[in-house]
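This report refers to the structure that appears directly beneath it.
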Amino acid sequence: MTSVGSEISAEAQQDSVRAGRVLRVGPLKPSLMESLSSNYDALVLPDGDERAAFLALHGESISAAVTSGRTGVDAELMGHLPNLGAIVHFGVGYDTTDVDAARARGIGVSNTPDVLTDCVADIAVGLVLDTVRQLSFSDRYVREGRWVAEGNTPLTRQVTGKRVGIIGLGRIGTAIADRLSGFRCPISYHNRNEIEGSPYTYASTPQALAGGVDILIVAASGGAGTKHLVDSDVLDALGPQGYLINVARGSVVDEEALVSYLSDGRLAGAGLDVFADEPRVPETLLGLDNVVLLPHVGSGTIETRAAMQALTLENLDQFLADGTLTTPVTR
């Protein structure tokens, strides 16, 4: 596969020298790391004791940082990069970057929207089916010889016709709603503001949304504004017959409360692709058969990761060429 970056690598490398250096912050897709190294002569931010000396030596030369939503660029790091003009994210999430600090310093921030919408929506629907019908549990049941020894698994619940609530009806949330409409699921949602012309029912608070649905899907952006948006009050409203699906960020859900509710039978089950302290997953969840656990793979397909890489490099190339970004979060 030929990426945008490799097609114009020589020109981009020359621009990089003129405009300043490129800095990689945190681990990225291996092919993207290779492209940044070979085509842009990117520096790599070290961890630990080496960081201070590295920033003292190179900080003023950095004009663009490439990172991911799992790592980000905080205000402290920005302070060591006085000529930083852009923070380019591989991924749709950017909650680990201090966007307010970037905006105050005139630093552009970009992400890779749209290209991962379908795959994340697919995973959300997959988690709904797996969690409600207990597919992963049933697979383990057969593999462990329990079908022979214990007979059939307990009955589960059907997905078709279940009332679904979505927190965050953006690109991904809308794609999830479109898919689940095919299951004849009544859809409602909560956003900061009601969406004019939406065919779905609006709920003014997450608690009100949870109280009227069987399945609550979290698709909201991460960050300080949504931290623990799904708290014990929301989980209470969802109730012991309700299911929680999270394909957003672990921070959006009060994970400690969620573990307690699942352990005590105050929720029917959960399907989780994200966690509060990845890659660490609460030990209690590992032993629960009504919980499906995925290692943050919502966008983890060959096609989507290639598209994300191409858009990341497109943002970087455009910034190095004219100082603008293709898909800016801030300008």
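For the range 90-126, enumerate the residues that are aliphatic (A, V, I, L, M), more than 21 Å from residue 300 (Cβ to Cβ) and out of contact with any strand residue (DSSP E or B) (no Cβ under 8 Å at 6 or more places or on another chain).
Listed by number, the residues that qualify are 101, 104.
Identify the residue in the range 50-88 that is of a type in the set (S, T, N, Q) and more than 22 Å from the chain's Cα centre (by Cα) and, among all such residues, is surrounded by the most Cβ atoms within 10 Å (Cβ to Cβ).
63
Between a first residue in the range 270-295 that is within 16 Å of residue 140 (Cα to Cα) and at pLDDT below 95 and a second residue that is among the β-branched types (Val, Ile, Thr) and part of a strand (DSSP E or B), which pairs have beta carbons less than 6 Å apart while being 6 or more apart in sequence or on different chains?
none
Restricting attention to the range 260-287, which residues are open to solvent by less than 40 Å² (accessible area, probe 1.4 Å) and farther than 14 Å from residue 238 by Cα?
Across the range 260-287, the qualifying residues are 271, 272, 273, 274, 275, 282, 285.
Tell me, which helices (runs of 4 or more DSSP H) wholly within the range 89-175 include 2 or more residues that are open to solvent by less than 50 Å² (accessible area, probe 1.4 Å)? Can you show your working first?
Numbers: elements: 99-105, 117-133, 135-143, 146-150.
Fully inside the range 89-175 and qualifying: 99-105, 117-133, 135-143.
Tally the residues that are within 17 Å of residue 36 (Cα to Cα) and in contact with a helix residue (DSSP H, G or I) (Cβ under 6 Å, 6 or more places away or on another chain), restricting the search to the range 88-111.
3
Please go through the range 85-120 and give me each residue that is aromatic (Phe, Trp, Tyr) and modelled with pLDDT of 95 or more, ordered by number.
Listed by number, the list holds a single entry, 90.
Give the residues of the range 222-247 that are open to solvent by 10 Å² or more (accessible area, probe 1.4 Å) and touching a Gly at 6+ places or on another chain (Cβ under 7 Å), sorted by residue number.
Across the range 222-247, the qualifying residues are 222, 237, 240, 243, 247.
Identify, please: which residue in the range 31-82 is charged (D, E, K, R) and part of a loop (DSSP other than H, G, I, E, B) and is, among those, nearest to residue 318 (Cα to Cα)?
41
Can you tell me which condition residue 214 does not meet? The list is (1) under 23 Å from the mean Cα position of the chain (by Cα); (2) surrounded by 17 or more Cβ atoms within 10 Å (Cβ to Cβ), and all the others hold.
Failed condition: (1).
Applying the selection to the range 210-237, what residues are part of a helix (DSSP H, G or I), modelled with pLDDT of 95 or more and among the aliphatic types (A, V, I, L, M)?
Within the range 210-237, 210, 234, 235, 237 meet the criteria.
The values are calculated or read from the model by the stated rules, or taken from the named source; none is laboratory data. Note that the coordinates shown come from a computational prediction; the quantities given were computed from them, not determined experimentally. No Cβ is skipped: glycine too gets one built from the backbone with ideal geometry, and neighbour counts run over all protein chains shown. Side chains included, ligands, DNA and RNA excluded: accessible areas come from the protein's heavy atoms. Shrake-Rupley method; radii C 1.70, N 1.55, O 1.52, S 1.80 Å.
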